[in-house]
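> Just passing along the structure, written as structure tokens.
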Amino acid sequence: MNNKLLYFLIFLLPYCAWAQTREMTANERASFQKSLQKLVEIKTISADFVQYKHLSFMKKPVESSGKLYLEHPDKLSWAYTAPFQYKMVFKDSKIFIDDQGKKQTIDIGNNKQFEKISTLVSSSMRGGQYDEKEFAVSYLKRGEADMVRLTPKLAGAKKYIKEIVLLFSPANKYVEEVKLVEPSNDYTRFVIKNRKVNATIDDSIFNL
């Protein structure tokens, strides 16, 4: 398993730094899940992201940024633009990678781990349901914002991920931030900005 690639996949699925949380009531959970149903109408998403990598041996997080594009049902482009360039394109059951000019292709059709993660990424961005056979799912409130905490159940995923936390906008229920916690308790936080929904995306975006 390519650890770097697995982390990038999970980072797509991107939590504030955070005061107290509480569990949703049954009514709040039902209302939240109902509000997500409208997100399945999303066909395309384009957005900027900022990534903050928190490491125990560093005082300040490592910051990077880039662009993401999603086109339902199976196209995703995730590109770091600063301070380095690294682009991944997911389409046709393959991952196409351009690491500063070094290109490679990975067939994910035969890799169930990558397939599950890529499905989770797309589903989360479009308000889909979470597979409770794969994850223990907690529904939380932080102030007015809704949160979902995903804790992997399967041993393969637990090697890489301790938990994933998604923060949703109170206004429109889009995923605004994602926090990935590793088994070491180092974590990465993604902030999604300047989102455009259902705008036309040029096909060239999904090419290297």
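> Does any residue in region 182-200 that is under 12 Å from residue 43 (Cβ atoms) come within less than 9 Å, Cβ to Cβ, of a residue that is aliphatic (A, V, I, L, M) and assigned to a loop (DSSP other than H, G, I, E, B) six or more places away or on a different chain, and which pairs are these?
Going by the 9 Å Cβ cut-off, the qualifying pairs are 197/42; 198/42.
> State the number of residues belonging to region 70-116 that are outside any strand (DSSP E or B) and at pLDDT 85 or above.
Step one: of region 70-116, the residues outside any strand (DSSP E or B) are 72-74, 83-85, 92-93, 100-101, 108-116.
After this cut, where a residue has to be at pLDDT 85 or above as well, the list is 83-85, 100-101.
Looking only at that region, the number is 5.
> Looking at (1) open to solvent by 20 Å² or more (accessible area, probe 1.4 Å); (2) more than 18 Å from residue 179 (Cα to Cα), which is the one condition that is false for residue 70?
Unmet condition: (1).
> Please work out which one of (1) part of a loop (DSSP other than H, G, I, E, B); (2) under 15 Å from the mean Cα position of the chain (by Cα); (3) modelled with pLDDT of 75 or more is the condition residue 201 fails and give its number.
(2)
> Sticking with this one: Just for region 167-208: of the residues that are of a type in the set (Phe, Trp, Tyr) and out of contact with any helix residue (DSSP H, G or I) (no Cβ under 9 Å at 6 or more places or on another chain), which one is farthest from residue 91 (Cα to Cα)? Lay out the reasoning, then the answer.
Looking only at region 167-208, we keep the residues that are of a type in the set (Phe, Trp, Tyr), and these are 168, 174, 187, 190, 206.
Pick out the ones that are also out of contact with any helix residue (DSSP H, G or I) (no Cβ under 9 Å at 6 or more places or on another chain) and you get 187, 206.
On the way: 187: 28, 206: 8 Å.
Per the criteria, the residue is 187.
> Right, another one. Within region 31-40, is there a residue that is in a strand (DSSP E or B) and on the phi < 0 side of the Ramachandran plot?
no
> While we're here: Restricting to region 29-68, give me the number of residues that are under 18 Å from the mean Cα position of the chain (by Cα) and charged (D, E, K, R).
Selection size over region 29-68: 5.
> Please enumerate the residues belonging to region 41-66 that are surrounded by 12 or more Cβ atoms within 10 Å (Cβ to Cβ) and closer than 22 Å to residue 173 by Cβ.
42, 43, 44, 45, 46, 47, 48, 49, 50
> Also, quick follow-up: Do we have any residue at all in region 19-28 that's more than 14 Å from the chain's Cα centre (by Cα), of a type outside the set (Val, Ile, Thr), open to solvent by less than 80 Å² (accessible area, probe 1.4 Å) and within 24 Å of residue 186 (Cα to Cα)?
Scanning region 19-28 turns up at least one residue that is more than 14 Å from the chain's Cα centre (by Cα), of a type outside the set (Val, Ile, Thr), open to solvent by less than 80 Å² (accessible area, probe 1.4 Å) and within 24 Å of residue 186 (Cα to Cα).
> Quick one: would you say residue 179 is modelled with pLDDT under 90 and open to solvent by 50 Å² or more (accessible area, probe 1.4 Å)?
On the way: modelled with pLDDT under 90: yes; open to solvent by 50 Å² or more (accessible area, probe 1.4 Å): no.
For residue 179, the condition - modelled with pLDDT under 90 and open to solvent by 50 Å² or more (accessible area, probe 1.4 Å) - is not met.
> Now, a different point. Could you list, in sequence order, the residues of region 161-176 that are open to solvent by 20 Å² or more (accessible area, probe 1.4 Å) and not in a strand (DSSP E or B)?
We begin by selecting, within region 161-176, every residue open to solvent by 20 Å² or more (accessible area, probe 1.4 Å); these are 162-163, 170-174, 176.
Passing the criteria: 162, 170, 171, 172, 173, 174.
The values are calculated or read from the model by the stated rules, or taken from the named source; none is laboratory data. Quick caveat: nothing in here was measured; it's all calculated off a predicted structure. With ideal geometry, Cβ positions are generated from the backbone for all residues, glycine too; neighbour counts draw on all protein chains shown. Ligands, DNA and RNA are excluded from the accessible area calculation, which covers all protein heavy atoms including side chains. Shrake-Rupley method; radii C 1.70, N 1.55, O 1.52, S 1.80 Å.
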